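Before we start, here is the structure in question, set down as structure tokens.
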Amino acid sequence: MSPERLAAGTPLTGHATVLDTNVVLDLLVFGDKSTDALKQMLALGRLRWLATSAMRQELARVLAYPQIERRLAEPGLAAQTVLNLFDRQSQAVPAAPRAPLTCEDPDDQMFVDLAVANRCLLISKDQAVLKLKRHLLSYGVQVTSAEPSDWADFLKANHG
């Protein structure tokens, strides 16, 4: 099967995708409408969400923040339920070697590293990651947010 191509012409290896923690929270906790297209692509198997144990650990840590715990309590959602969803929807992969690009936010480096190692789509809302967008293209990584306007281009180029 030949790899799909993103709008910018970057190969997307097996629809592999890396999601940063803020996008995961929007997807699994907040039900943010901006993640509807992402949710659909994951459910249909058109995207394969890659995640490392460090990414899961970061999510667990963030789920324990008081402001997030309050948001979980509103719909009666438990942190363990969110982690179970993470486990079911993502594909566990080993940590990637350090990428040649350095993210100014050290907490986001693991997302950059994994996306570069797999030459895949990186979905992030983090400004430090988004600043690397142009540079990441040269490593076969397209960076996008979960905003519907960004997804419209991706969907049209790959599935429309």
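I'd like to check something: does segment 141-149 contain any residue that is of a type in the set (Gly, Ala, Ser) and at pLDDT 95 or above? Give the steps one after another, and end with the answer.
We begin by selecting, within segment 141-149, every residue of a type in the set (Gly, Ala, Ser); these are 145-146, 149.
From what's left, at pLDDT 95 or above: none.
Within segment 141-149 (the criterion being of a type in the set (Gly, Ala, Ser) and at pLDDT 95 or above), the answer is no, since none of the residues qualifies.
Can I ask one more? Restricting to segment 42-56, give me the number of residues that are surrounded by 11 or more Cβ atoms within 10 Å (Cβ to Cβ) and either out of contact with any strand residue (DSSP E or B) (no Cβ under 8 Å at 6 or more places or on another chain) or assigned to a helix (DSSP H, G or I) (or both).
Of the residues in segment 42-56, the ones surrounded by 11 or more Cβ atoms within 10 Å (Cβ to Cβ) are 42, 46-56.
Going one step further and asking which of them are either out of contact with any strand residue (DSSP E or B) (no Cβ under 8 Å at 6 or more places or on another chain) or assigned to a helix (DSSP H, G or I) (or both), we end up with 42, 46, 53-56.
Summing the residues that are surrounded by 11 or more Cβ atoms within 10 Å (Cβ to Cβ) and either out of contact with any strand residue (DSSP E or B) (no Cβ under 8 Å at 6 or more places or on another chain) or assigned to a helix (DSSP H, G or I) (or both) in segment 42-56 gives 6.
Test ALA7 against the criterion of being within 23 Å of LEU72 (Cα to Cα) and either surrounded by 16 or more Cβ atoms within 10 Å (Cβ to Cβ) or modelled with pLDDT under 95 (or both), and give yes or no. Walk me through it before giving the result.
Values: within 23 Å of LEU72 (Cα to Cα): no; either surrounded by 16 or more Cβ atoms within 10 Å (Cβ to Cβ) or modelled with pLDDT under 95 (or both): yes.
The answer is no for ALA7.
Could you count how many residues in segment 74-122 are open to solvent by less than 60 Å² (accessible area, probe 1.4 Å) and assigned to a loop (DSSP other than H, G, I, E, B)?
Adding up the residues that qualify gives 9.
The values are calculated or read from the model by the stated rules, or taken from the named source; none is laboratory data. A quick note: this is a predicted structure, and the numbers were derived from the prediction, not measured. Cβ sites come from the backbone with ideal geometry, for glycine too, and all protein chains shown count toward neighbours. What goes into the accessible areas is simple: the full protein's heavy atoms, side chains included, and nothing from ligands, DNA or RNA. Shrake-Rupley method; radii C 1.70, N 1.55, O 1.52, S 1.80 Å.
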